[in-house]
Amino acid sequence: MAAPRQISLITGNANKLADVKEILEPRGFVVRNQSLDIPELQGTIEEITIAKCRRAAELVGGPVLVDDTALCFEAMNGMPGPYIKYFLEALGPEKLHLMLAGFEDKRAQAVATLGYSQGPGHEPVLFQGRVDGRIVAARGTLRYGWHACFEFEKTGQTFAEMEDAEKHKISHLGKALDKLAQYLEQGAQS
């Protein structure tokens, strides 16, 4: 049996770390965490993730995994997108849905973009997961950002109303991490 693959996740978000561990560790990966303060430039989800990944690889001096999560409102042509963190900090999950008060269209897409780099000088590889849903008044446990406001299209539940194991199977982060794991598993066998 192959030795476990180690991944250094760059995040200060304890909930994100717990989710990544719950998804990857059963697949034989060891997830380590390092919290770095990396400035985020403005741009597309992909540009932000690539820049963050390059900088993290330089600071760590080795392989890294970074994440950028976006929440894209259909009525706002994809905004706030990668800037959702700042809207959430200003409004909180209880008021986030009010951003769409003047719009009939409440559809949204949750997007997780992971950047993986083997280290300084290596081009980051991106893995993205997307799921459709709609923005609703907060329901469920308010422990994790906007998850209480995002109702998954196929279940009618917010991510905050779901058990973690159920959420991980269908979430944007779960989909992106599955793509990453497949990539790393294939690379380990070559």
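The values are calculated or read from the model by the stated rules, or taken from the named source; none is laboratory data. All values reported here derive from a predicted model rather than from experimental measurement. Every residue, glycine as well, gets a Cβ built from its backbone with ideal geometry; the counts of neighbours run over all protein chains shown. With ligands, DNA and RNA removed, areas are computed over all heavy atoms of the protein, side chains included. Shrake-Rupley method; radii C 1.70, N 1.55, O 1.52, S 1.80 Å.
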Tell me yes or no: at least one residue of the stretch 44-55 is polar (S, T, N, Q), open to solvent by 50 Å² or more (accessible area, probe 1.4 Å) and more than 16 Å from the chain's Cα centre (by Cα). no
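Just need a number here: residues in the stretch 2-44 that are among the hydroxyl-bearing types (Ser, Thr, Tyr) and touching an Asp or Glu at 6+ places or on another chain (Cβ under 9 Å).
If we filter the stretch 2-44 for residues that are among the hydroxyl-bearing types (Ser, Thr, Tyr), which is where we start, we get 8, 11, 35, 44.
Then drop every residue that is not touching an Asp or Glu at 6+ places or on another chain (Cβ under 9 Å), which leaves 11.
Total satisfying the criteria: 1.
How many of the residues in the stretch 62-78 are among the aliphatic types (A, V, I, L, M) and within 13 Å of the chain's Cα centre (by Cα)?
In the first step, residues of the stretch 62-78 are kept if they are among the aliphatic types (A, V, I, L, M); the result is 64-66, 70-71, 75-76.
If we keep only those that are within 13 Å of the chain's Cα centre (by Cα) too, we end up with 65-66, 70-71.
Within the stretch 62-78, residues that are among the aliphatic types (A, V, I, L, M) and within 13 Å of the chain's Cα centre (by Cα) number 4.
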Given (1) free of Cβ contacts under 8 Å to residues at least 40 places away in the same chain; (2) open to solvent by 10 Å² or more (accessible area, probe 1.4 Å); (3) over 15 Å from the mean Cα position of the chain (by Cα), identify the lone condition not met by ARG27. (1)
Which of (1) in contact with a Ser or Thr (Cβ under 9 Å, 6 or more places away or on another chain); (2) free of Cβ contacts under 8 Å to residues at least 40 places away in the same chain; (3) closer than 30 Å to GLU104 by Cβ; (4) charged (D, E, K, R) is the odd one out, the single condition ARG32 does not satisfy? (3)
Number of positions in the stretch 168-190 that are in contact (Cβ under 8 Å) with a residue 12 or more places away in the chain, open to solvent by less than 50 Å² (accessible area, probe 1.4 Å) and farther than 18 Å from CYS72 by Cα: 5
